[in-house]
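The values are calculated or read from the model by the stated rules, or taken from the named source; none is laboratory data. Just so you know, these numbers come straight off a predicted model, no measurement behind them. Cβ coordinates were reconstructed from backbone atoms using ideal geometry, including for glycine residues, and neighbour counts include every protein chain displayed.
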Amino acid sequence: MCGFVVFISAEGVGDAREVVHAGLCAIRHRGPDDSVVTVPQPGVTMGFQRLAIIDVAGSRQPLTHAGRWDLCFNGEVYNYRELREELAREFGAVFATAGDAEVLAAAFHHWGPGAVRRLRGMFAYALWDRQERRLHAGRDPFGIKPLHYAVTPAGLWLASERKSLPGGGGVDPDALAHYVSLQYVPEPYTMDRAVRRVPAGHALTWEPGGQVRLDRHFRPGFAPRAGVSEQELTTRVRDALRDSVRAHMVADVPVGAFLSGGVDSSAVVALASEVKPDLQVFSAGFDIPGYSELDLAAETAQGLGLRFTPTVVTAADVLRELPRIAWHLDDPLADPSLIPLFFLARTASRQVRVVLSGEGADELFGGYEIYREPFATAPVQRLPRAVQGTLRQVSRAMPEGVRGKSYLDRATTPLEQRYYGNARIFDAEQKARLLHGRPAVPRTAVTDEVYAETAHLDPVSRMQLVDLHTWLPGDILTKADRMSMAHSLELRVPFLDQRVWEAAASVPAALRVSPDSPQTKRLLRAAVAGLLPAPVAQRRKLGFATPARVWLRGDIGDWAHELLSRSAAGAHLDLAYARSLLVAHQRGEADHSRKVWTVLMFCLWHAIFVERSIDPFAGTARPVPVAGAAR
């Protein structure tokens, strides 16, 4: 796990070492073990911050292979040993290092760009071909590792985090419009209109003086196999997950795991303990009753005989660290669950270098309760369109909060318009008011392509694929990467493994989410049932409940009023409207916590990166002017 900054001159001349070095300083947290800047050819400058995990004494980057390829690589290739042996056997490939990064360069050298499809792991890379004078870059299938780029008149920039790039394009109005709908900035956007993200599962190629080209090398799709029994599918999923966890345990440094009270992380921990019986696990909770899974996690750890380290997060902790959290995120992300993740990663980083975590299971195996919605709305969806239209008019005439209104709204709206992801913050009418009435890109723009490609599938599978394309890389994996790397901690996600995906994709929708069962992830639960105590395997999805609604009625509410009153983000958002939502929330008139939190995180981002009125490292969320460049 590392970070890099790369610049390729459009003219093929020059040396950008000073600028690249400054970019590396901004992401030193991604790799504090080593920092190197090289100019392998005129006009090509590559910088790397290393967090040494495999081949600790060797594998320095940027590295050169076969005198032709210059590489910066962030992540892990879990099948690197098999690929290394195959390359040596078939082509006589010779390696100067014992790590996985050079294997990627050798794979490109002998197999060409299609080699990316043979990599099993999480990765982002920038590979310069001296012979063809062409840049190859890309990301892993699910977007576990980040990769940003910016095209400027001088050339092309690539970096692991946006803060390392020139930027300066101003706030992107389309990114902002999506953000207030979704609580995150979806790919390929960033909040800076001059910077974009290479989408998950894509490869980028560029030649000096040319145009950026993006090609997709992985497209998730469900393909249930006919004639395969439920028992066979259960065995296949369990075997794939066990194999993945074993592969993810490989490291030359201490490895631990995150553990919540749910089945996903518990299954990962149980399988990891088969490899490492003294595995240390880490959990986080809050000092507010009803908002902590620490007792459940401790019970699971005790049942498996594992060392357990809890972390308790308070409102004071949040006020102290929230600006630093926002700085690490790069773009605003209003998912409150990233807050305990930040503190959890800090605790774990003091004892291990790598942690395994359970992200991705819900998207692959159908874990979200909202995936049951098609069963609830089916009776209305089967009615004639004219009848649905009448019911739609009835729902619009009903006052807000009246029982049945929400159901009629959802049931009379086609799935393609109704479901655009797990987080739905401001609706179209509210968004128009928040954005000062400016025309905004429709929220469906993020999901239109997915729905167009999946018309032949059942509603549950389509909803999962929407989340696999949007919610997973935009929210889940972004917060996992940034909050762990903030503490130089490598987070690995065994569920998001190509072999686990192949097994999950073969599971019929009825074995993921069924109208006949109150449980989601039906087949996954069966697959891990023998590994866990029965109460854990059958426990309903808990989520990572965060007391944002409580905080906003306490000390953090006072800070929220102060931030909204001082913020210069009013040019983009109607902050008077946001304050009215905060007041109504504090009076107990409605729960507006998610809406208010979404606005607050944008205002905090704006204060740090645009106004520069808050120092993210000052240890307070109150305005403290930033002195000098970002650290």
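Per-residue answers, yes or no, for (1) buried (at least 19 other Cβ atoms within 10 Å of the Cβ); (2) in a helix (DSSP H, G or I); (3) without any contact (Cβ under 8 Å) to a residue 60 or more places away in the chain; (4) in contact with a helix residue (DSSP H, G or I) (Cβ under 9 Å, 6 or more places away or on another chain):
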{"position": "436", "(1), (2), (3), (4)": "no, no, no, yes"}
{"position": "444", "(1), (2), (3), (4)": "no, yes, yes, yes"}
{"position": "479", "(1), (2), (3), (4)": "yes, yes, no, yes"}
{"position": "499", "(1), (2), (3), (4)": "no, yes, no, yes"}
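One residue stands out in the range 333-375 among those that are of a type in the set (Gly, Ala, Ser) and more than 27 Å from residue 604 (Cβ to Cβ): the one that is surrounded by the fewest Cβ atoms within 10 Å (Cβ to Cβ), namely 358. Looking at 416, 429, just one residue is part of a helix (DSSP H, G or I) and under 30 Å from residue 147 (Cβ atoms), and that residue is 416. Taking the criterion of being over 23 Å from the mean Cα position of the chain (by Cα) and among the hydrophobic types (A, V, I, L, M, F, W, C), the residues of the range 105-143 that qualify are 105, 106, 107, 108, 111, 115, 127, 128, 135. Evaluating residue 363 against the criteria (1) assigned by TED's automatic domain parsing to the domain that holds residue 476; (2) in a helix (DSSP H, G or I); (3) over 25 Å from residue 497 (Cα atoms) leaves one unmet condition, (3). Residue pairs whose Cβ atoms lie under 7 Å apart, separated by 6 or more positions or on different chains, with the first residue in the range 69-85 and without any contact (Cβ under 8 Å) to a residue 60 or more places away in the chain and under 24 Å from residue 38 (Cα atoms) and the second among the acidic types (Asp, Glu) and buried (at least 20 other Cβ atoms within 10 Å of the Cβ), are 77/100.
Before we move on, is residue 132 acidic (Asp, Glu), under 13 Å from residue 84 (Cα atoms) and at pLDDT 95 or above?
Answer is no for this residue.
For the range 137-145, check the following and say yes or no: at least one residue is outside the structural domain of residue 501 (by TED's automatic domain parsing), charged (D, E, K, R) and more than 27 Å from residue 497 (Cβ to Cβ). Spell out the reasoning first.
Step one: list which residues in the range 137-145 are outside the structural domain of residue 501 (by TED's automatic domain parsing), which gives 137-145.
Right, trim to charged (D, E, K, R) and you get 139-140, 145.
Then drop every residue that is not more than 27 Å from residue 497 (Cβ to Cβ), which leaves none.
No, that holds for no residue.
If a residue must be of a type outside the set (D, E, K, R), outside any loop (DSSP other than H, G, I, E, B) and loosely packed, with under 14 Cβ neighbours inside 10 Å, how many such residues does the range 286-311 contain? Within the range 286-311, residues that are of a type outside the set (D, E, K, R), outside any loop (DSSP other than H, G, I, E, B) and loosely packed, with under 14 Cβ neighbours inside 10 Å number 1.
Yes or no, residue by residue, for (1) part of a helix (DSSP H, G or I); (2) not polar (S, T, N, Q):
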{"residue": "577", "(1), (2)": "yes, yes"}
{"residue": "590", "(1), (2)": "no, yes"}
{"residue": "595", "(1), (2)": "yes, yes"}
{"residue": "598", "(1), (2)": "yes, no"}
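Here residue 49 passes the criteria (1) out of contact with any Cys (no Cβ under 7 Å at 6 or more places or on another chain); (2) touching a residue at least 24 places away in the same chain (Cβ under 8 Å); (3) not in a loop (DSSP other than H, G, I, E, B) except the one numbered (1). How about the range 199-242: which of its residues are assigned to a helix (DSSP H, G or I) and of a type in the set (Lys, Arg)? Hits for the range 199-242 are 236, 238, 242.
Matching residues to (1) outside any loop (DSSP other than H, G, I, E, B); (2) touching a Pro at 6+ places or on another chain (Cβ under 7 Å); (3) in contact (Cβ under 8 Å) with a residue 60 or more places away in the chain:
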position: 370; (1), (2), (3): yes, no, yes
position: 386; (1), (2), (3): yes, no, no
position: 393; (1), (2), (3): yes, no, no
position: 400; (1), (2), (3): no, no, no
position: 407; (1), (2), (3): yes, no, no
position: 420; (1), (2), (3): no, no, yes
